[in-house]
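No lab work stands behind these numbers, since they all come straight from the coordinates. Keep in mind it's a predicted model, so treat the numbers as computed, not measured. All Cβ positions, glycine included, derive from the backbone under ideal geometry; neighbour counts span all protein chains shown.
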Amino acid sequence: MSVKESFEAAKKQYEQWGVDVEAALQKLQQIPISIHCWQGDDIGGFEANPSELSGGIDVTGNYPGKATTPEQLRSDLEMALSLIPGKHRVNLHAIYAETNGEVVERDEIEPKHFENWVAWAKQHGLGLDFNPTLFSHAKAEDGLTLSHPDESIREFWIKHCIKSRKIAEYFGKELGTPALTNIWIPDGYKDIPSDRLTPRIRLKESLDKIYAVETDEHYNLDAVESKVFGIGSESYVVGSHEFYLGYSLKNNKLCLMDTGHYHPTETVSNKISSMLLFSDKLALHVSRPVRWDSDHVVILDDELKEIGLEIVRNDATDKVLIGLDFFDASINRVAAWTIGTRNMIKALLHALLLPNAKLKQLQEEGNFTERLALMEEFKTYPFGAVWDFYCEQMGVPVRETWLENVKTYEQEVLLKR
């Protein structure tokens with residue numbers, strides 16, 4: 001049976017429950033995923049004076065072919081994007097500035113250092129997002145940045161964040177789509193702190209200074225990202241979920257939730273509906289923690305499906321900004337992007353193909369028997385046939401055939417670096 005024939009057969013099964021499959025595919029095309037550039041080079045960046053990776057972050061593995069230049073990284077991203085259905089975005093960190101070998105401190109970066117990225121994004125019809133880089137730097141060696149007791153160090157990072165927001169605003173103006181500027185800091189302590197409040201006061205004051213410099217929301221959207229712990233900050237993190245949730249609500253900023261930044265028994269999917277009640281928009285960094293915030297490549301597991309469900313069934317596809325954040329150097333990096341991004345899109349499609357209105361109705365009626373029965377039966381509906389058709393229609397490889405493209409690219413490009 002051809003891809004088209006399998007799709008038509010699957011479509012009939014879904015339509016029996018009022019699921020408009022064609023409309024679901026049209027909707028799916030309109031949901032961009034922000035693909036993180038740092039999977040391609042193990043969060044190395046292109047600074048003229050690079051520092052070792054720090055900030056409670058670690059990348060393990062030494063698979064051949066890591067990108068070492070901006071051109072290589074963009075080439076690898078192009079390869080991955082050619083295997084992923086839909087039009088998406090690329091997420092940059094400040095360390096991916098191009099300074100032509102000139103040492104430019106992070107508090108002095110300018111839009112001109114990202115002109116090549118913008119030209120490339122225009123060429124490929126991509127949006128860009130941005131992150132100030134508050135790690136892997138001499139002024140972050142003790143694990144403190146915006147909450148540092150030393151005012152001069154705080155001011156350095158405050159200026160860096162202001163510069164970063166201006167760069168994102170430049171992205172938005174040039175590309176016609178607002179850039180998300182997300183602030184994450186590694187600040188915390190390895191052992192039990194004697195004072196939790198004072199560092200948080202300093203962080204709040206730093207953020208207030210950063211956001212006192214206005215940017216146009218048509219071009220730049222501000223987000224803050226929490227974490228529960230990191231390597232070197234096992235006992236206390238200044239920017240906790242409660243801190244940033246309160247700050248974002250009070251100051252009209254987006255709260256960004258990273259799926260690896262919570263306690264093992266917490267799930268981000270369970271938080272989305274509550275946060276949407278009080279926020280016009282929220283943002284995600286989708287990753288996969290294994291025992292800790294290990295940033296494994298996203299797989300189509302239960303939590304990813306639940307995240308897709310919460311976004312879709314709450315009509316929030318334009319309210320939740322979806323980004324990815326994983327980095328694995330033990331496998332082909334282009335394959336990692338492809339696997340993770342395709343899985344995020346699959347989770348959204350899976351949610352779009354459920355009879356969500358019917359399932360909500362059953363819950364309201366108290367008909368939990370039929371609700372549970374349908375939720376379980378739909379797990380084996382022919383979702384894969386619809387996915388294959390979507391890939392074919394979008395001009396990307398169907399099923400695992402994309403692996404051959406990656407293998408060829410590895411032989412012809414990656415292994416020659």
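Things to note:
- Residues that are touching a residue at least 12 places away in the same chain (Cβ under 8 Å), more than 25 Å from residue 178 (Cβ to Cβ) and basic (Lys, Arg), drawn from region 10-54: 11
- Residue in region 405-417 that is within 26 Å of the chain's Cα centre (by Cα), assigned to a loop (DSSP other than H, G, I, E, B) and either small (Gly, Ala, Ser) or under 30 Å from residue 41 (Cα atoms) (or both) present: no
- Count - residues of region 239-285 that are assigned to a helix (DSSP H, G or I), over 13 Å from residue 307 (Cβ atoms) and of a type in the set (Val, Ile, Thr): 0
- Restricting attention to region 182-214, the residues being part of a loop (DSSP other than H, G, I, E, B) and more than 22 Å from the chain's Cα centre (by Cα) number 9.
Residue-wise test of (1) within 14 Å of the chain's Cα centre (by Cα); (2) part of a strand (DSSP E or B); (3) closer than 24 Å to residue 277 by Cα.
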| position | (1), (2), (3) |
| --- | --- |
| 298 | yes, no, no |
| 303 | no, no, yes |
| 307 | yes, no, yes |
| 311 | no, no, yes |
| 316 | no, no, yes |
| 331 | no, no, no |
| 340 | yes, no, no |
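- If the condition is being touching a Ser or Thr at 6+ places or on another chain (Cβ under 7 Å), aliphatic (A, V, I, L, M) and more than 26 Å from residue 321 (Cβ to Cβ), then region 1-52 contributes only 48.
- Residues (surrounded by 13 or more Cβ atoms within 10 Å (Cβ to Cβ) and either in a helix (DSSP H, G or I) or touching a Pro at 6+ places or on another chain (Cβ under 9 Å) (or both)) located in region 348-359: 348, 349, 350, 351, 352, 356, 358, 359
- Some residue of region 26-44 being surrounded by 18 or more Cβ atoms within 10 Å (Cβ to Cβ) and acidic (Asp, Glu): yes
- In region 233-254, the residues that are closer than 13 Å to residue 147 by Cα form Cβ pairs under 6 Å with partners that are in a helix (DSSP H, G or I) and not charged (D, E, K, R), at six or more places apart or across chains, as follows: 238/199; 238/203.
- Count of residues meeting criterion [under 19 Å from residue 340 (Cβ atoms), surrounded by 12 or more Cβ atoms within 10 Å (Cβ to Cβ) and hydroxyl-bearing (Ser, Thr, Tyr)] in region 360-417: 2
- Residues that are part of a helix (DSSP H, G or I) and among the acidic types (Asp, Glu), drawn from region 131-181: 151, 155, 169, 174
- For region 112-130, the set of residues classified as under 28 Å from residue 56 (Cα atoms) and part of a helix (DSSP H, G or I) consists of 113, 114, 117, listed by residue number.
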